[in-house]
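Q: Quick one: structure below, then a few questions.
The values are calculated or read from the model by the stated rules, or taken from the named source; none is laboratory data. Just so you know, these numbers come straight off a predicted model, no measurement behind them. Positions of Cβ are backbone-derived with ideal geometry, glycine not excepted, and every protein chain shown enters the neighbour counts. Accessible surface areas use protein heavy atoms only, side chains included; no ligands, DNA or RNA. Shrake-Rupley method; radii C 1.70, N 1.55, O 1.52, S 1.80 Å.
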Amino acid sequence: MLLTDRIIEILTKQGSVKLSDLERVMDQHKKGEGKLSDLLVQEGLISESDLTMLLSNELKLPYLNLNLFSVEPKVIQLIPRKFAEKFEIIPLARIGKILTLAMSDPLNVMALDEVQRMTQCTIRPVISTQRDIHNALEKYYSDMEEIDDLIDAADEELQVIHEGMEKESVETAAASEEAPVVKMVDLFLLEAIRKRASDIHFEPYEQTFRVRYRIDGHLNQAYTPPKNMHGPLLARLKIMSGMDITEHRKPQDGRFKIKTQGKDIDFRFSVLPMVHGEKGVLRILDKSTLKLSMADLGFLPGPQESLEQAISKPYGMIIITGPTGSGKSTTLYTIMNRLNTPERNIMTIEDPVEYQVEGITQTQVAPEIGLTFSQGLRALLRQSPDIILIGEIRDNETADIAAKAALTGHLVFSTLHTNSAAGAVTRLLDMKVEPFLIASSVNLLAAQRLARRICQNCKEERPVAKEVLKRLQVNPDMLKNVRSYCGQGCERCGNSGFYGRLAVLETLDLDDELREMIISRTSSDLIQQTAVKKGMKLLFDNAFEQFRRGNTTLEEVFRIASI
């Protein structure tokens, strides 16, 4: 049976579309005005995702949202691009001789037979929307021909500022300025900046080489250049970063700056030897993000007010906790930028120095010469600082000095790797910091996560699917009178449905009762329970409030926090 016939049968049985509307669209289809499924969606009679879900249930085939799926380059290479475009298919995964294939029309026997003949695999079809498959085709079938076209079309050349490079390396870089690989690197950098990427990953495998961008915290495949381009690309980036291009056995780090679109953008480059070559990761550090206000970061009024009150005090310690990539540094730099006035002496000790900010004295940790966090902090205290930023508290000595500095008239900011605000107390106690020091010196403990923000350009209201509620184990009562939104995907957000991120903050203000509990070495769980009774909102509460306000999705809430 053809897909068109099956759609008619399903819609007639389900009553999802009025019979008169269905007959009208069928007439248009018979006149050659388009595919029946496309016409139904264009007429607004049913959404593409709802139609796909109906087909999935009727055909007993799994439905996959390809935006949430990542496909290995070696799997994509099993099917040529033109063939995949013709039949609207995407190979997803291969295990042994079984190939999982996403299809907009899983009843297309010709496509199934051809793929089976081409790959010599047993085909396991799944169903996806036509739009998702088209987006996946653009995402994964990026080849050298496309890169060449983009390079030819590019009219902007990057001006690289070779900070700290040896003269010999600068000359080598200048000599290679006309090489095609230079233009390719420029393309990758400009594309990443345009797409708001925070990192670029250059990853070699046995037969392939891929380039991925991290956008809004999620890695997205960008290009798959030929494997033989891996060496020259990394060599160019090493030259730009002032690294030793002859060293391939040891990890290396470097940085450089480029001028583009009228502004300077810093890059930090890290190289790590792997089985099939060196992997390189470029961290993009755009100083314009430091000019954001705390409201721009997306904080809710309650946590923002707690943070504002803490930083307005003349001394004390503020600790922000969270895993790597949770936005702690951005929040702290935003605060530093706000406090950065001529009458204040702001000093930092960091590893590494993320952003170089005018007006702030920044020190880079160098353990190989004995300049650790604790040693650097001791030296900073002899420089008459008003405000101190410690990149991370890692050991007892640093924690102890920081707490004592907060008691002697300094405003101290730092980070810890814990899961909650109250968990920072246990972490500091584990570092052998005296309980009375913690209770006396800490103004505020906070835990932070980043949630993806729904794209405002393609945002639309949509009820949370029953499958999502079941998968996330959500009590439906939680969603009473809540309007749910999601992004449908557009050019602005790269068809992801998200554009930018917002910070979700859990703040723990210490009052006399909580300080007494810390001195008594009460567990962090009991401290948290007491704080909640006093009105503290947990990470989940704040994340769920962002969902209630239509800023993010329920899936994002459960990704960053748990009940």
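Q: Rounding to the nearest 20 debye, state how big the charge dipole of the chain is about its Cα centre with +1 on each Lys and Arg Cβ and -1 on each Asp and Glu Cβ. Display every interim value, and only then the final one.
A: On the way: 70 positive and 79 negative charges, 251 e Å.
So the dipole magnitude of the chain works out to roughly 1200 debye.
Q: Take the Cβ-Cβ distance between K263 and Q309 as r, set R0 to 41 Å, and report the resulting FRET efficiency rounded to the nearest 0.05.
A: Given R0 = 41 Å and the Cβ-Cβ separation, E is 0.75.
Q: Now, a different point. If we count every other residue with Cβ under 15 angstrom of S520's Cβ, Lys/Arg +1 and Asp/Glu -1, where does the sum land? It would help to have the intermediate numbers written out before the result.
A: Working: positive: R515, R521; negative: E434, D511, D512, E513, E516, D525.
So the environment of S520 carries a net charge of -4.
Q: Sorted by mean Cβ packing within 10 Å, highest first, what order do the peptides 62-75, 211-224 take?
A: 211-224, 62-75
Q: Determine the order of M431, M53, M118, M110 by accessible area, beginning with the largest, at a probe radius of 1.4 Å.
A: M110, M118, M53, M431
Q: How do the peptides 316-324, 370-378 rank, highest first, by the average count of neighbouring beta carbon atoms within 10 Å per residue? Kindly include the intermediate steps, with their values, before the conclusion.
A: Working: 316-324: 21.7, 370-378: 18.6.
So the peptides 316-324, 370-378, ranked by packing, come out 316-324, 370-378.
Q: State which stretch of the chain is the longest one without any exposed GluC sites (Glu not before Pro), exposure meaning a DSSP loop state and at most 14 other Cβ atoms within 10 Å.
A: Segment 359-490 is the longest.
Q: In the stretch 496-563, if the dipole is taken from +1 on Lys/Arg beta carbons and -1 on Asp/Glu beta carbons about the Cα centre, which of I527, L510, F547 is farthest to the positive end?
A: Towards the positive end, the residue furthest out is F547.
Q: Using helices alone, I'd like the mean residue ellipticity at 222 nm for the chain: each DSSP H run of four-plus residues gives -39500 (n - 2.57), total over residue count, nearest 500.
A: It comes out at -11500 deg cm²/dmol, rounded to the nearest 500.
Q: Give me the percent relative contact order of the stretch 272-411, please, defined on Cα pairs under 8 angstrom at least 6 residues apart. Don't jump to the answer; show the numbers that get you there.
A: Details: 145 pairs, mean separation 35.6, N = 140.
The normalised contact order for the stretch 272-411 reaches 25 percent.
Q: So, one more: Can you check what the net charge comes to around T415, using other residues whose Cβ is under 13 Å from the Cβ of T415 (Lys, Arg +1; Asp, Glu -1)?
A: Residues close to T415 contribute a combined charge of -1.
Q: What is the distance in Å between the Cα centres of the stretch 468-515 and the stretch 421-463?
A: Spelled out, the Cα-based centre of one part sits 16 Å from the other.
Q: Nearest-5 percent of antiparallel DSSP beta bridges in the chain?
A: DSSP beta bridges in the chain are roughly 65 percent antiparallel.
Q: Measure up K183/K263; K195/K279; K328/K537; K30/K60; K30/K86; K139/K459 against 25 Å on the Cα-Cα distance and list the ones that go over.
A: Flagged as over cut-off: K30/K60.
Q: Can I ask one more? Select one label from (1) 53, 28, 22; (2) 47, 34, 19; (3) 33, 26, 24: the one whose number is semi-axes √(5λ) of the Cα gyration tensor in Å as derived from the coordinates shown.
A: It is the value labelled (2).
Q: Same structure again: Hey, how many Å between the Cα centroid of the stretch 247-278 and the Cα centroid of the stretch 540-563?
A: Rounded to whole Å, the Cα centres lie 35 Å apart.
Q: May I ask for the net charge around V271, where only other residues with Cβ less than 15 Å from the Cβ of V271 are counted and Lys, Arg are +1 while Asp, Glu are -1?
A: Here the count lands on +2.
Q: Got a sec? Charge dipole of the chain, +1 on Cβ for Lys and Arg, -1 for Asp and Glu; which of T334, I454, Y223 is way out at the positive end?
A: Of the candidates, I454 comes out farthest on the positive side.
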